[in-house]
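What follows is a set of notes on a single structure, which appears directly below.
The values are calculated or read from the model by the stated rules, or taken from the named source; none is laboratory data. Computed from a prediction, not measured in an experiment: that's the story for all the values here. For neighbour counting, all protein chains shown are included, and Cβ atoms are generated from backbone atoms with ideal geometry for every residue, glycine included.
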């Protein structure tokens, strides 16, 4: 997202900075329905039926073989993974989720904003069963939640490797936009390691596969039908489309593994209150650098304070990696983990540089 466009952004669900978070609310669905003509409503009715009641078309092997190879791939992936895609509902909204294997457990991966603050959600499977799911854990910082459902012999979606993605490869999204269950859209991996400053999300996969309200929590898949991301947000700017984002599956899986094995999420922290330094802010306040993370405040009970960091310092490098914004800092901290040590280079007032060795603290997310 280009700086300065935030005020012109239209939201799917408002976060205030042009970022639509795909929870589908009842009022929003009613407004969408009321906006249709009578003929359009009639056409839409069959689509709104539960997936278990929808009619499907079966092609013979010869008919499938006659299709374009790309179409064959999409059909195969949709048939393989759709049974593992679920509808997740709570009071005030709904979203999507995907059933997969984490350790020895079969769980639903979805977004933290889909489950909200509740401990139990309604989960509807592809076969029509409606179950009560227990939210085992959620991390709003990466927008991932893990839900356990009381069922066996579940259809499972295989997990891919988001660290091996390349820009331009096929991306397929499956979800429940506005309650239309297991909708399939296609596109490509448009970019990697994107950051959404307004939502403080980073390392995201950008895709032009359509993501709409209700898609959040559903899987983003590669051409082999493997989950490469958990769909999380869409940016809508007047005159532009195709700006969807997903949490990389490797990050989501690391959170899920902690939740399943320990029941908690351990998060590394520096102990500072960070503020991104941008060129306009640097000019306004006369900072000696135009990029970095300003230490606006600091917890005096942390090793960062004991090591020598002070308010007013601007962090420009950590473990020999450039820190241009808060997402860069959070990425290094997450990789090192609680109790690890990082080398922090700061620029002080007047332009002097200094490096500190800081032991990271720990925060427990339940």
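If you go through the stretch 303-314 one residue at a time, how many are touching a residue at least 40 places away in the same chain (Cβ under 8 Å) and within 30 Å of the chain's Cα centre (by Cα)? Residues that pass the stated criteria total 1. With over 21 Å from the mean Cα position of the chain (by Cα) and part of a strand (DSSP E or B) as the only criterion, which of 131, 136 stands out? Checking each option against the conditions leaves just 131.
Could you list all residues from the stretch 161-176 that are in a loop (DSSP other than H, G, I, E, B) and either under 25 Å from residue 134 (Cα atoms) or free of Cβ contacts under 8 Å to residues at least 12 places away in the same chain (or both)? Once the filter is applied, which keeps residues that are in a loop (DSSP other than H, G, I, E, B) and either under 25 Å from residue 134 (Cα atoms) or free of Cβ contacts under 8 Å to residues at least 12 places away in the same chain (or both), the stretch 161-176 yields only 176. Among the residues making up the stretch 213-238, those that are over 11 Å from the mean Cα position of the chain (by Cα), over 19 Å from residue 170 (Cβ atoms) and crowded, with 22+ Cβ neighbours inside 10 Å are 213, 214, 235. Among the residues making up the stretch 79-93, a single one is crowded, with 24+ Cβ neighbours inside 10 Å and in contact with a helix residue (DSSP H, G or I) (Cβ under 7 Å, 6 or more places away or on another chain): 88. Reported count of residues in the stretch 323-340, each being touching a helix residue (DSSP H, G or I) at 6+ places or on another chain (Cβ under 9 Å), farther than 20 Å from residue 296 by Cβ and not in a loop (DSSP other than H, G, I, E, B), is 1.
Restricting to the stretch 217-255, name every residue that is without any contact (Cβ under 8 Å) to a residue 40 or more places away in the chain and either outside the structural domain of residue 114 (by TED's automatic domain parsing) or not in a loop (DSSP other than H, G, I, E, B) (or both). Listed by number, the residues that qualify are 240, 254. Residue count for the stretch 117-137 under the criterion of being surrounded by fewer than 19 Cβ atoms within 10 Å (Cβ to Cβ), farther than 17 Å from residue 151 by Cα and in contact (Cβ under 8 Å) with a residue 40 or more places away in the chain: the result is 0. With the structure loaded, tell me whether residue 214 is at pLDDT below 90 and assigned to a helix (DSSP H, G or I) or whether it fails that test. Spelling it out, it is not the case that residue 214 is at pLDDT below 90 and assigned to a helix (DSSP H, G or I). Scanning the stretch 340-364 for residues that are surrounded by fewer than 17 Cβ atoms within 10 Å (Cβ to Cβ), in contact (Cβ under 8 Å) with a residue 24 or more places away in the chain and closer than 26 Å to residue 248 by Cα yields a count of 4. Note on the stretch 162-193: residues that are in contact with a helix residue (DSSP H, G or I) (Cβ under 9 Å, 6 or more places away or on another chain) and under 26 Å from residue 323 (Cβ atoms) amount to 4.
Per-residue answers, yes or no, for (1) over 21 Å from residue 205 (Cβ atoms); (2) under 25 Å from the mean Cα position of the chain (by Cα); (3) part of a helix (DSSP H, G or I); (4) at pLDDT 90 or above:
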{"position": "39", "(1), (2), (3), (4)": "yes, no, yes, no"}
{"position": "62", "(1), (2), (3), (4)": "yes, no, yes, no"}
{"position": "71", "(1), (2), (3), (4)": "yes, no, yes, no"}
{"position": "74", "(1), (2), (3), (4)": "no, yes, yes, yes"}
{"position": "82", "(1), (2), (3), (4)": "no, yes, yes, yes"}
{"position": "96", "(1), (2), (3), (4)": "no, yes, no, yes"}
{"position": "113", "(1), (2), (3), (4)": "no, yes, yes, yes"}
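Just one of the listed residues (283, 290, 310, 266) is assigned to a strand (DSSP E or B) and either surrounded by fewer than 19 Cβ atoms within 10 Å (Cβ to Cβ) or at pLDDT below 90 (or both), namely 266.
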